[in-house]
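Here the structure is laid out as structure tokens; the discussion comes afterwards.
Quick note: the coordinates plus some simple rules give every number you see, no bench work behind them. These figures come from a predicted structure and were not determined experimentally. Please note: Cβ atoms are built from the backbone with ideal geometry, for glycine as well, and neighbour counts cover all protein chains shown.
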Amino acid sequence: MSQRSVPPQKVLIPVLTTGSTLVGATVRSVLFMAALVATRFNSVIAAFYQRLLAQGKPKKLALVACMRKLLVMLNAMLKHNQLWNPPTEQSA
């Protein structure tokens, strides 16, 4: 299966379910706030967000794209049982 064939929320949501009908809205609001913070403090997400804005995308669309990118990154970390390993800047 390719990464595009299964939406990331279908993989991550079962881990987060609590039986409540508001789980989707709760997860969406948590992801929104996480993406908002990540656009300021996470170099990977910030660069992605700035690139989308430079292409003329609306801010909310760029933020939703960051939400999806966060989900994809979280799913990969869960799948491979790894912690966040931020990229380091290579000095010449």
**Prompt:** Any idea what the dipole of the range 23-79 comes to, in debye rounded to 20, about its Cα centre with Lys/Arg Cβ at +1 and Asp/Glu Cβ at -1?
**Reply:** 120 debye
**Message:** Can you compute log10 of I(q)/I(0) for the range 23-79 with the Debye formula, treating each Cα as one identical point scatterer, at q = 0.20, 0.22, 0.25 Å⁻¹?
**Reply:** -0.69, -0.82, -1.00
**Request:** For every other residue with a beta carbon closer than 12 angstrom to the beta carbon of MET67, add +1 if it is Lys or Arg and -1 if Asp or Glu, then tell me the sum.
**Result:** +4
**Asked** What list of ³J(HN,Hα) values in whole Hz, one per residue of the range 68-80 in order, does the Karplus curve 6.51 cos²θ - 1.76 cosθ + 1.60 (θ = phi - 60°) give from phi, with Gly and Pro shown as x?
**Response** 5, 4, 4, 4, 4, 5, 5, 4, 5, 5, 5, 4, 9
**Asked** What residue among ASN42, LEU31, VAL64 has its Cα farthest toward the positive end of the dipole of the range 23-79, where the charges are +1 on Lys, Arg and -1 on Asp, Glu, each on the Cβ?
**Response** VAL64
